[in-house]
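Participant: Structure below; questions to follow.
The values are calculated or read from the model by the stated rules, or taken from the named source; none is laboratory data. These numbers come from a predicted model, not from an experiment. Counting neighbours? That spans all protein chains shown, and the Cβs are built from the backbone with ideal geometry, glycine included. For the accessible areas, the whole protein counts, side chains as well, though only heavy atoms, and no ligand, DNA or RNA atoms are used. Shrake-Rupley method; radii C 1.70, N 1.55, O 1.52, S 1.80 Å.
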Amino acid sequence: MITSPVTGSLKALEDIGDPVFSTKMMGDGIVIVPEEGKVCAPADGEVIVIPPTKHAMGFRTAAGVEILVHVGLDSEKIENEFKVKVKEGDRVQRGDVVMTFNLKRLQEKGVRLETPVIVTNSAGASELVKTQQRHVNTGDNLIAII
């Protein structure tokens, strides 16, 4: 089970208008519009990627599921706004705070806050079952992998 890394309202991946995500080129998932500037680990596992601008983070679970949390759209153009609390190779537990950011400052810089949570590999899964909730809190069940 993948849990919500942020608190916020949900949108379908197909509805965000960013072709990299909406066409599922990166994988399938769901989008959360965050209400606070905190990202938590969506599962127990390892941090496998943090880009130089620190706007996103990739995780791998013990079962081999790879999860990308990408804070905001066009956020890769913004530097020095994301405070990362882990490094690549670190082990994390579901719910650990891994990143913080200032929502208001990102909005002022023109970043759309939609935050895709993507399963970038299926690890042999045949289906992703996404929550039907319209709003989630950090730690709520988000995606089941069957």
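Participant: Quick one: LEU106 ticks every box in (1) modelled with pLDDT of 95 or more; (2) outside any strand (DSSP E or B); (3) crowded, with 18+ Cβ neighbours inside 10 Å bar one, so which box is it?
Facilitator: So the condition that LEU106 fails would be (1).
Participant: Let me ask another. Against the conditions (1) within 19 Å of PHE59 (Cα to Cα); (2) modelled with pLDDT of 95 or more; (3) of a type in the set (D, E, K, R), where does LYS24 fall short? Just the number, please.
Facilitator: The failed condition is (2).
Participant: Taking only pairs six or more apart or across chains, which ones have beta-carbon atoms under 6 Å, a first residue in the range 91-118 that is at negative phi, and a second residue that is among the polar types (S, T, N, Q) and surrounded by 15 or more Cβ atoms within 10 Å (Cβ to Cβ)?
Facilitator: The qualifying pairs are ARG94/THR3; VAL111/SER75.
Participant: Follow-up question, since we're still on this one. Output yes when any residue across the range 79-87 is part of a strand (DSSP E or B) and either open to solvent by 60 Å² or more (accessible area, probe 1.4 Å) or in contact (Cβ under 8 Å) with a residue 60 or more places away in the chain (or both), and no when none is.
Facilitator: Checking the range 79-87: at least one residue is part of a strand (DSSP E or B) and either open to solvent by 60 Å² or more (accessible area, probe 1.4 Å) or in contact (Cβ under 8 Å) with a residue 60 or more places away in the chain (or both).
Participant: Going through the range 88-100 one residue at a time, which ones are open to solvent by less than 20 Å² (accessible area, probe 1.4 Å) and either assigned to a helix (DSSP H, G or I) or of a type outside the set (Val, Ile, Thr) (or both)?
Facilitator: The one that is open to solvent by less than 20 Å² (accessible area, probe 1.4 Å) and either assigned to a helix (DSSP H, G or I) or of a type outside the set (Val, Ile, Thr) (or both): MET99.
Participant: Could I ask something else about it? Give me the pairs: first residue in the range 1-25 and within 16 Å of LEU113 (Cβ to Cβ), second residue open to solvent by less than 10 Å² (accessible area, probe 1.4 Å) and among the charged types (D, E, K, R), beta-carbon distance under 9 Å, and six or more apart or on different chains, which are they?
Facilitator: Matching pairs, first to second residue: none at all.
Participant: So, in the range 1-21, exactly how many residues are within 25 Å of ALA62 (Cβ to Cβ) and either over 12 Å from the mean Cα position of the chain (by Cα) or open to solvent by 60 Å² or more (accessible area, probe 1.4 Å) (or both)?
Facilitator: So the answer is 1.
Participant: Can you report the number of residues in the range 39-72 which are more than 27 Å from GLY110 (Cα to Cα), in contact with a strand residue (DSSP E or B) (Cβ under 7 Å, 6 or more places away or on another chain), aliphatic (A, V, I, L, M) and open to solvent by 30 Å² or more (accessible area, probe 1.4 Å)?
Facilitator: 2
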